Structure formats: structure tokens, C-alpha cells
Amino acid sequence: MRTESPPSVAPTVKRILSRLAVAKRSVWARGPVVRWVAVLGIVAAIGLFVYLAAIPSPGKNLGEGRQYSADAINSITRALDVAHIEYRVEDRRIGVATDRYEEATDVLSKLDVNTRSIPEIRKDFQASSLWWETPKDKEQRELRAKAEILEAIIGDLEEIVSAYVDIDRTQTKTAGRPTTTTTAFVLLETKDSRKIGPKIVQSIKGIVVSKEPSLKEDAVSVWDREGNRYLDPSKPLLDVISRTQAREEELKQEISQQLDWIKGVGVTVQMVAPPAPEPVAVAEAPIPVAEPSVGVNQPLDTESASPPPAEQAPSAEPKSPVETNFARIWVRVPRSFYYRKAMPSRSPSQEDLQAIQVRTEATIKTAVGYVLPTGTFELLVDTIPDEVVLRDPLVAPAVPETRRIPSWWIPAGVGGGVAGLLLIVGLRLLATRRPRRALAAEPARIRFAVEADSETTPGASERVRELIRHNPEAAASVLNRWIGQGGHAA
């Protein structure tokens, strides 16, 4: 069987060295400008490689960039210090170098910092059952399992990093009868240490109460690690405020979804006490009612939103929340909405705009009626000023093409391009130019003197003798060349 020996490396190395030698000779044959440019380019390339090597790796965040609790961060950082792995902690995230990410992941897998799933918690609760444990111990173990399940559920909520839940049962005797009191304490760690909204607070309370039937709604405490108190049994007003704000936020979101066809619409919802019934008055002469008007044809600088009536305007001062199902709704429609509806007419009349306003308010009331039952809300619709073209825009006269002046960057770009091209051509000429020989002019002068001497001119012969005395070597070289070419015959 024919076998082929692998090609030798020596010819390849020899070929590369010969190419480098040719390149070296070519560079040194150039002018000093080209040599300095080549040296500076090599130095810049080496500096770039050194800089890239010195820049630390951006690294990767552990746990796919999840935010860890304070206790988990302490455990992970201690383990990474033992393993001599450098890390950084930013916004509750732990990042390590990319080349040591796998090693850091192995260290993380050996720590008990990840929240266990609900099936795992239930399985461990059933497996740890002992026949000799007392009912009190079993009850405590059951409460601890429920608390872990609640921690897993609350930790998955929006804006929540982790949660610590503690459920406590105490027995007291009242009038000779034992009574059991159950309380729950929830400590939260939020993302970026921000305060959570009232909807999330009410969700946490509902989850905890539904998981423990013996727990009352007014027996849940919710705090965060920043010291913000959201629910406290000793402060029942906090729960009232949270429920009211959660209801207002929910209604605002639902109404905004119904009015998404109005671009830039603003919605404000306030839960207030229902208005008192109006007393029956003696029939009097009817009071004329002014026609509805929209201030959309007024100039932008002098127009402002019509203030709501005194009995309907939202109060600027915060009031104590009221447990009620009556809502005061304030809808703000941008003025540009009516102008877009009045298109294609560029100058709509006041009557056209009023008709559009009446139809829009009726549609808004119908949309709000799909969110709240009739009689449980009070609606106020206002027009707010915004950027809108009140009249036809001014059009500049057309300028002939011959009179148009180009922008400043056009001649600047052309001038920069020409300057760059001239610089490149000049460097190229300097690089390809060969140095002049110092003795090139002397032979020509000798030859001219010798030719002039052939005509028996005394002045020329004298100059030839003087040149021979000053530079005999050059004179001999020129005379030999002149004799070789035939002397006078040439």
C-alpha cells in the first residue's frame, strides 16, 4: 500500500522568511516618511492588542441575571471567596468572569439559596413525618411548610425579589374558653429597593389569607427591608388606604383600555362618598343653560382647560380614603383629537367641533358604563391643550435650483476629501522618490568643459584644469568615459 509522508514544514517556514525579508528590504528602500509610518502602525497595533488583553472580561451574571436576596448574596459571596473567584455585585445581581462562569455555577449549585418548588416542599413535609412527634411539633412543622409555600408564591410576583413569611398561632383563654389567634408577618425584598404598589399589597394579603383559613384579613403585616410599612394590624387605616388605591388603579386601567382609541387621553379615578340626594325644591322658572362649547379654536397660548365645577372638580388636597363603591372619574381629551376628527377640513367651524365633542363625550360615557354600573360613578370630560396646528402652515416660496445654497457640510466634506486625497498622493510621492546623487552635477560640468576645450577655448581649458586639481577622481572618470565614447568623434 502506498503511503505518503506528510509535507515538511521547513519549506513553508523558508518561504515565509523570504517574504518577510523582501518586505523588509522594500520598506527600508522607501523614504523616511514611509518607514516612520510603518513603525507607528506596528506600535499602534501592539498597543491595541495590549489594551484589549488588559480590559477585564464583561463577565456573566449568575442565575441568568436574577436578583438575589440579601441573605443569598452573603452566602454566595462567601462561597466565591473560598473558591478564589472574583465577582461583582450590582443591583442584587452577582457577575463573574466568563472564563470562570462554569466554576461559579458549580459553587452555586452546592448552596441552598434557590427557592424550592411547591411539590418539593410538600414532598419533604410528608417524608419528615415521625410517629413519635407531638401534635404541637406537627403543627409547627405544618405552619413552616405553609410559610415556605407562601414564600415561593410571593417571590414570583412582579417587583418582588424574595419574601420571608412567618405564621404564628397563639392560644389564650377568654371566659374560661381557649381561643386561637393566628397572625402572619411578611417581609419583602423588592427589585431595586422600590416601593410596591397597592395592587401587589392586596394580592399578597389575599394569598396569605386564602392559604391559612384561620387567618383574618386584619391580622396580616407586610413590610419591606427598606422599612416601608404597607399593612399593620395596629394601623387599620393602612389597609383602607391600600384597598382604596388598589381599586382606583384597577378602574383607571380598565377605563384606559376602553378609551384606547383616543390618543393621549388621561384618566383619573377617585373613590369618594356618594353625593347626597338633592332636596326637593319648589318649581321655579327654568334657568337657561348655556350651549356647550369647546375652546379648540382659540390660540394655544391663551387657552387653558375649562376648570371643573366646584362640586365636581377633583380636590387638590388629599382626603382620607372612604370605603365606598362610588367613583369620581375625570377624563381629559387632547384638543388635537377633535381636529383630527374634523379632517379633511383645515378650518373647522365652532359648530363642527361642538358636534364632535358631544358625540365623543357620549361615547366616553358609554365606555365607562361598561366598566361601572350606572349610578355608581360621576363622569367629567375636559379638553386639554396640546400641540396642534390651528391654521394652515406657512409655506416658504419656492427657490430656483440655481439660487439654492448648499448646506455648509457639503463644501466642508468636499474640501476634506480633496485634502485627504492630496495628503495620500504627497505621501506616495515622498515614499517612491529616490535620493539624488551628490556627484551627478559634477560629471556634467566636466563633460561640458572638455567639449568646450575641444574648440581650443583658453577659458574652458583653464576651468578643466581647475576642476582636475579640485576633484581628480571625478575628472578621471569623466575623461575615461569621454575617451571611451570616441573623444572628439563623439
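Just the residues that are open to solvent by less than 60 Å² (accessible area, probe 1.4 Å) and either modelled with pLDDT under 75 or more than 22 Å from G426 (Cα to Cα) (or both), please, taken from segment 29-47. Reasoning before the result, please.
Of segment 29-47, the ones open to solvent by less than 60 Å² (accessible area, probe 1.4 Å) are 31, 33-34, 38, 41, 45, 47.
Within segment 29-47, G31, V33, V34, A38, A45, G47 meet the criteria.
Within segment 180-210, being open to solvent by 60 Å² or more (accessible area, probe 1.4 Å) and among the basic types (K, R) holds for K191, R194, K195, K199.
Which residues, counting only those in segment 135-179, are open to solvent by 80 Å² or more (accessible area, probe 1.4 Å), closer than 16 Å to V209 by Cα and either of a type in the set (D, E, K, R) or out of contact with any Leu (no Cβ under 9 Å at 6 or more places or on another chain) (or both)? Passing the criteria: only R144. Would you be able to say whether some residue in segment 128-138 is at pLDDT below 85, farther than 30 Å from G227 by Cβ, of a type outside the set (S, T, Y) and in contact with a helix residue (DSSP H, G or I) (Cβ under 7 Å, 6 or more places away or on another chain)? Within segment 128-138, not a single residue is at pLDDT below 85, farther than 30 Å from G227 by Cβ, of a type outside the set (S, T, Y) and in contact with a helix residue (DSSP H, G or I) (Cβ under 7 Å, 6 or more places away or on another chain).
Which residues, taken from segment 214-238, are part of a helix (DSSP H, G or I) and open to solvent by 80 Å² or more (accessible area, probe 1.4 Å)?
To start, the set of residues in segment 214-238 that are part of a helix (DSSP H, G or I) comprises 217-219, 236-238.
Result: E217, D218, P236, L237.
How many residues, within segment 239-253, are under 21 Å from R332 (Cα atoms) and surrounded by fewer than 17 Cβ atoms within 10 Å (Cβ to Cβ)?
As a first pass, look at segment 239-253 and keep what is under 21 Å from R332 (Cα atoms): 245, 247-253.
Narrowing further to those that are surrounded by fewer than 17 Cβ atoms within 10 Å (Cβ to Cβ): 249-250, 253.
Result for segment 239-253: 3.
Close Cβ contacts (under 7 Å, 6 or more residues apart or on different chains) running from residues in segment 253-266 that are within 11 Å of I364 (Cα to Cα) to residues that are of a type in the set (V, I, T) and part of a loop (DSSP other than H, G, I, E, B) comprise I255/V371; Q258/V371; L259/V265.
So, in segment 182-201, how many residues would count as being in a helix (DSSP H, G or I) and out of contact with any Ser or Thr (no Cβ under 6 Å at 6 or more places or on another chain)?
5
State whether the residues of segment 18-28 include one that is among the polar types (S, T, N, Q), surrounded by fewer than 12 Cβ atoms within 10 Å (Cβ to Cβ) and modelled with pLDDT of 75 or more.
Yes, some residue in segment 18-28 is among the polar types (S, T, N, Q), surrounded by fewer than 12 Cβ atoms within 10 Å (Cβ to Cβ) and modelled with pLDDT of 75 or more.
The values are calculated or read from the model by the stated rules, or taken from the named source; none is laboratory data. All values derive from a computational prediction rather than experimental measurement. Please note: Cβ atoms are built from the backbone with ideal geometry, for glycine as well, and neighbour counts cover all protein chains shown. For the accessible areas, the whole protein counts, side chains as well, though only heavy atoms, and no ligand, DNA or RNA atoms are used. Shrake-Rupley method; radii C 1.70, N 1.55, O 1.52, S 1.80 Å.
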